[in-house]
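Asker: Starting off with a structure, shown below.
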Amino acid sequence: MEEKERIVAEMRSCYNGYLFSADANNRLFNSNMSLNYLSGYYVGKRPPRELLDASIASDYSKLAGLFALKNKSSNYQVLQDIIDGKEQFAYITAQYSLEKRFDQNDFLSLLYYLGYLTIDSFYAGMVKLKVPNYVVKELYFSYFEKILEEEFKYELDVANIQMALATLAGEGDNTMLITCIETVLTSMSNRDSINMDEKYIKTICFTLCMLSKCYLVESENEVNKGYTDIQLMKRPGIDVNYYAIIEFKYLSKADGSEGNVVRKLEEAKKQLERYSTSPKYKGMERLKKWAIVFVQDECVRNEEI
């Protein structure tokens with residue numbers, strides 16, 4: 001019974017969450033992905049290493065086509081908002097034509113009809129939309145990584161990033177991951193259009209972590225009256241030695257005095273200590289907790305508590 005409950009919990013996180021009617025009460029699983037998971041489990045007696053089957057894993061190319069429709073800059077802003085976890089509100093378009101006006105409501109409706117977003121709740125006649133599950137979130141971040149490469153003419157060293165996450169997972173050492181983040185930030189920090197802050201650094205880290213298949217990468221989870229920056233948690237079918245919570249702080253170069261760095265570091269440590277008392281983490285073995293401070297594009301503190 002415990003094994004069955006664990007399987008259902010894993011599948012619910014990865015494949016459930018679709019709601020396509022205001023009158024519906026129950027959310028739906030993606031049938032293709034669920035069958036892929038169950039068939040893998042049946043053959044190997046454990047969850048498959050790949051949460052997506054090959055036909056769905058290539059869907060980021062379909063996303064590229066969608067985000068290039070009509071108003072590309074507006075669509076990319078929607079992508080950035082989804083990546084940042086911002087709430088999406090829309091009046092669902094019942095019928096539209098790409099030959100006519102195509103606004104943000106239409107674009108969000110299209111993502112909804114295709115299952116890239118789904119109904120979360122209702123607000124003042126509008127629909128609040130959300131990413132339905134973890135595997136769809138992975139698709140968004142796979143596409144976002146391609147956008148980063150195209151926009152900044154910078155090719156991510158995916159093999160090195162994956163090795164950095166493998167080192168963290170196997171040895172509990174985050175040094176390589178921090179170096180990867182610094183490398184990406186350095187290549188982008190000279191762009192005047194970038195408003196560097198904690199959220200930006202967290203998004204970059206999240207994107208890099210998504211390139212590895214070691215963990216379920218989570219962010220902005222509410223824990224003990226706070227919201228964690230990055231969580232690297234158990235991924236079905238993958239065994240690792242260490243898990244992690246990472247809290248980022250950021251200072252501009254002008255504000256990066258030693259006193260400010262120490263103050264930010266202490267803030268991060270206190271947050272991690274508060275999160276650690278949560279039932280979700282309390283007593284969790286092999287959990288690494290890092291407080292990290294960046295000044296501009298350089299990590300100046302990386303301390304484990």
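Asker: List pairs: first residue in segment 57-74 and closer than 23 Å to Met210 by Cβ, second residue modelled with pLDDT of 75 or more and among the polar types (S, T, N, Q) anywhere in the structure, Cβ distance under 8 angstrom, at least six positions apart or on different chains.
Answerer: Matching pairs, first to second residue: Tyr60/Ser142; Leu66/Asn75; Phe67/Asn75; Ala68/Asn75.
Asker: Examine segment 165-178 for a residue that is more than 17 Å from Leu216 (Cα to Cα) and free of Cβ contacts under 8 Å to residues at least 24 places away in the same chain, and state whether such a residue exists.
Answerer: Yes, the conditions are met somewhere in segment 165-178.
Asker: Being over 22 Å from Tyr134 (Cα atoms) and in the same structural domain as Gly170 (by TED's automatic domain parsing) narrows it down to one of Arg263, Arg235, so name that one.
Answerer: Just a single option satisfies the conditions, and that option is Arg263.
Asker: Would you mind stating whether Thr207 is polar (S, T, N, Q), under 30 Å from Met33 (Cβ atoms) and touching a residue at least 60 places away in the same chain (Cβ under 8 Å)?
Answerer: So Thr207 fits the description; yes.
Asker: Hey, Ala24 hits all of (1) in contact with a helix residue (DSSP H, G or I) (Cβ under 6 Å, 6 or more places away or on another chain); (2) at pLDDT 85 or above but one; which does it fall short on?
Answerer: (1)
Asker: Go through segment 1-28 and give me each residue that's within 22 Å of the chain's Cα centre (by Cα) and of a type in the set (S, T, N, Q).
Answerer: Hits for segment 1-28 are Ser13, Asn16.
Asker: Across segment 250-279, what is the total count of residues that are surrounded by 13 or more Cβ atoms within 10 Å (Cβ to Cβ), closer than 20 Å to Thr186 by Cα and either under 26 Å from the mean Cα position of the chain (by Cα) or of a type in the set (S, T, N, Q) (or both)?
Answerer: 2
To keep it simple, each residue is scored yes or no on (1) at pLDDT 85 or above; (2) of a type in the set (Gly, Ala, Ser).
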site	(1), (2)
Gly115	yes, yes
Phe122	yes, no
Asn133	yes, no
Lys137	yes, no
Phe144	no, no
Ile161	yes, no
Ala164	yes, yes
Ala169	yes, yes
Ile178	yes, no
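Asker: Condition test on Leu139, is it within 22 Å of Tyr15 (Cβ to Cβ), part of a helix (DSSP H, G or I) and either over 19 Å from the mean Cα position of the chain (by Cα) or in the same structural domain as Met233 (by TED's automatic domain parsing) (or both)?
Answerer: no
Asker: Another question, if that's okay. May I ask you to list the residues in segment 29-52 that are under 24 Å from the mean Cα position of the chain (by Cα) and buried (at least 17 other Cβ atoms within 10 Å of the Cβ)?
Answerer: Those that are under 24 Å from the mean Cα position of the chain (by Cα) and buried (at least 17 other Cβ atoms within 10 Å of the Cβ): Phe29, Asn30, Met33, Asn36, Tyr37, Pro47, Pro48, Leu51, Leu52.
Asker: May I ask you to say which residue of Ala22, Ala9 is in contact (Cβ under 8 Å) with a residue 40 or more places away in the chain, under 30 Å from Tyr123 (Cα atoms), of a type in the set (A, V, I, L, M, F, W, C) and assigned by TED's automatic domain parsing to the domain that holds Leu117?
Answerer: It is Ala22.
Asker: Right, next: Go through (1) assigned to a loop (DSSP other than H, G, I, E, B); (2) surrounded by fewer than 20 Cβ atoms within 10 Å (Cβ to Cβ) one by one and return the number of the condition Ile147 breaks.
Answerer: (1)
Asker: Hey, another quick one. What's the number of the condition Asp106 fails, among (1) within 30 Å of Ala9 (Cβ to Cβ); (2) acidic (Asp, Glu); (3) modelled with pLDDT of 80 or more?
Answerer: The single condition Asp106 does not satisfy is (1).
The values are calculated or read from the model by the stated rules, or taken from the named source; none is laboratory data. Since this is a predicted model, take the numbers as computed values, not measurements. Glycine also receives a Cβ, built like all others from the backbone with ideal geometry; neighbour counts cover every protein chain displayed.
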